[in-house]
Each structure stands twice: as structure tokens, then as C-alpha cells.
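Just below is one structure, and these are the notes that go with it.
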Amino acid sequence: MKHNILTILALISMIAWASDAQAELPRRQEVLDIIGQVNSYWQNSHPNHGRAFWDNAAYHTGNMEVFHLTGDTTCYNYSLAWAEHNNWAGAAGTDKSAWKYGYGETPDHALFGDWQTCFQVYVDLYKAAPEPRKIARAREVMEYEMSTEAIDYWWWADGLYMVMPVMTRLHSITGNQMYLKKLYQYWQYANSIMYDDEEGLYYRDGNYVYPKHQSSNGKKDFWARGDGWVIAALARVLQDLPADDPNRSAYEDRFVTMAKAVARCQHPDGYWTRSMIDHEYVPGPETSGSAFFAFGLLWGVNNGLLDAAEYQPTIEKAWDYLSHTALQPDGRVGYVQPIGAKAVPGQVVDANSTANFGVGAFLLAACEMARYVSK
């Protein structure tokens, strides 16, 4: 009898704990209200459209995800106006013999991935209202790139987000298998120079591989936003990748491995520090990496690759940080590290620190959270 009573009490306790845990999740409408607040603040604060470089494009990937979730034509029209402003192009050079893919911001850097992120947005706009002109430049650039013998186009972690989803999106329209073949080849090259098998994470680029580079405490230095770009890239690739693609399991395995590594690195306060393993190297919250990680984990749960019960505590803490610390009362997204390539000791990142790409990452995470709580 005593054993039965203890069992019943244990079950009651478990039920109460589960109810409390569920109560910590927001309602869908709360998330939608946050999305609207954040996006309205950004668009009203930035009525003039900028160039089609990666930072602006990263915002628009989030804005278009809001359109996919809500059907809000304000989002569609804002990204459409930006695409028209940039003539549906990235780097606009016309002489293919002069095209480059090292770092550069000139018209001739058409093969540099930071100028190709915009193609993700153009494809999304095309799918909503197909017109060949919307993806003509994207196809011209990417199909020329795939015709070359080079495979070392992605030499920095950010580049995986910038271009991997472009290739699966264009494949979904054209059916051209070369997009998927080259996607895997380019990704394998990136893995060979940046991926750490032991930790399941990516260095920002070859300059930061341990032990050549390390934190001041002698630890491996994995830059949060860099790994955020990668896990978000894998999620967006898997979203469009055919189920029968011969390399799908490799992308899925890497995604799951990264998710476990990311969850292990979370700070107790819900965010991720700029140097993921060494919380003391550059302490304090950072939103862009944290938002990309939240997006990746939420996407993985929503699409059956990650176990909901295992990841819910990580997700809850991440959302609590994003919605109560990163989000400011006026709709500004704060604590975004400025453009850079590493964790920088002494760099001030606070509630007033915001940026287009950080807002885009926040919107991606919020859209997945809305889907998550809907289930």
C-alpha cells in the first residue's frame, strides 16, 4: 500500500511538473504579436532599401519567413521593393572572366557568397509570384559557378548560410541535379577546413582552428554567430532537399550532431556567449548566434529530427532570453554583436546593439516558435 501511495504521489508530481513546464511556453498569439512588433519597428525605422549584400539579405530571409508564416503582404512588399531596388542581382559585374570569390564588395565579386544570399529571397519572391526575371541573375551566377572546376567557394562558416539554401531553392524550381551535386562537393570542402569532429562544431574559418588559435584560457574558440549560420543553413537546406537525395542522411546527421553540441554550450541564462565553449573569454549575452541556435533547435523539433522532450528546456530558456532580454520595449532587438568574424574581448554589446542580420535571425526563431507552440 505504501509503495502504491508513493507511486501515485510521484505521478502527481510528474504531471504537475509537466504542467508547469508547458506553462512556460508562450501562446501562439503572443509570439505573433512579438513578430509584428519587431518587424514593424525595423521596417518603419528603415524605409530606404540598401544594397543586396549579406547583412541586408539576412534580414530579408527572416522577413520572408514571416510572410510564409502569416501571409502578411506588408512583408512581401517590403522584400519585393528591396529586390527591385537591387535589380534582382547581387554583385552586378557582367564580365564573367573578372568574377571573383575571395572576400570583396565590388561588382566583380559575383562568386563571393556574401553577394549570393539575396538569391534566397529572390527565389522566395519568385515562388509567391513566378516571373523568370526574378531569378535570372541568380541562375546566371550559380550555373556559371557550377561550371567551373573550383570547389573551394565556401571557406568561411558564414558562407554556408549565405549559399547552401540558394542551391536547394534553385533546384526546387529548375530540377537541375547539378545544384545538389555541387552543393555536396562545396560543403565537403568546407567541412575539411573548418569542422571539428571532436566538438561537433565549426570554426569560423581556417584561421581559427585549434590549437593555432585559442581563447585566452587555452580553450577552443567557436564563434557563436559562425556556428549559428551553419546550423541555420542545414535547417534551410533540409527543408528543400528531396527526401531521396543520396546525401540527405549526411546533412541530417551533421544537423543532429551540431544540435547536441549547441545545447551543451548554452549559458544557464538561456543565451550563448560569443565564444561558445569558453563563457568567461568574452562574457555576456549575444543575440544573433542565440537566435540562430533557437531557430535551428526549434526547426529540428518541428520537423522530427530532434526529440521535443530532450530539447524543450533548452528551447524554453533560449526563448525566455530572446523575448525578455534581447527584445526591447519599443521592438528593437538588442545585444547583437556588430559585423565581425570572432569573439572580441572588451567589445561592448548591450541593449542598444542591433543590426539587420540580428533581426532576421530573431524573426526566423520566432516563426519556428510560433509553429512549435501551435503543436
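The numbers here are math on the coordinates, done by the rules we state, and not lab data. It should be emphasised that the depicted structure is a prediction, and the values quoted were computed from it without experimental measurement. For neighbour counting, all protein chains shown are included, and Cβ atoms are generated from backbone atoms with ideal geometry for every residue, glycine included.
Some values worked out for this structure:
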| item | result |
| --- | --- |
| Under 11 Å, Cβ to Cβ, from VAL359 - net charge with Lys/Arg +1 and Asp/Glu -1 | 0 |
| Rounded, prolate or oblate (a/c below 1.5 giving rounded, otherwise prolate when a/b exceeds b/c) for the stretch 30-374 by Cα gyration tensor | rounded |
| Partners for LYS134 among aspartates and glutamates (Cα-Cα distance below 15 Å; same-chain residues under 8 apart left out) | GLU84, ASP124 |
| Cα-based reach from LYS220 at 20 Å (exclusive), listing aspartates and glutamates while leaving out same-chain residues under 8 positions away | ASP158, ASP196, ASP197, GLU198, GLU199, ASP205, ASP278, GLU280, GLU286 |
| Between 0 and 90°, nearest 10: helix 2-23 axis offset from the chain longest Cα axis | 40 |
| Burial ordering of SER97, SER275, fewest other beta-carbon atoms within 10 Å first | SER97, SER275 |
| Exposure proxy ranking, count of Cβ atoms within 10 Å, fewest first, for LYS134, LYS219 | LYS219, LYS134 |
| Top of ALA81, ALA263, ALA250 by mean-square fluctuation, Gaussian network on the chain, Cα under 10 Å | ALA250 |
| Formal net charge of residues neighbouring ASN44 (Cβ-Cβ distance under 15 Å; K, R +1; D, E -1) | -1 |
| Residues with amide H under 5 Å from that of LEU201, placed H, sequence gap 5 or more | ASP196 |
| Taking ILE173, ILE339 and counting other C-beta atoms within 10 Å, the order from fewest to most | ILE339, ILE173 |
| Helix 224-240 vs. the chain, principal-axis angle (Cα, 0 to 90°, nearest 10) | 80 |
| LEU327 long-range amide H proximity, modeled H, under 5 Å | GLY334 |
| For the stretch 244-258, Karplus couplings with θ = phi - 60° (6.51, -1.76, 1.60), whole Hz, Gly/Pro x | 9, 4, x, 9, 4, 4, 5, 5, 5, 4, 5, 4, 5, 4, 5 |
| Degrees, to the nearest 10: 356-374 long Cα axis against longest axis of the chain | 50 |
| Whole-angstrom gap from the stretch 92-132 to the stretch 234-271, using each part's C-alpha centre | 26 |
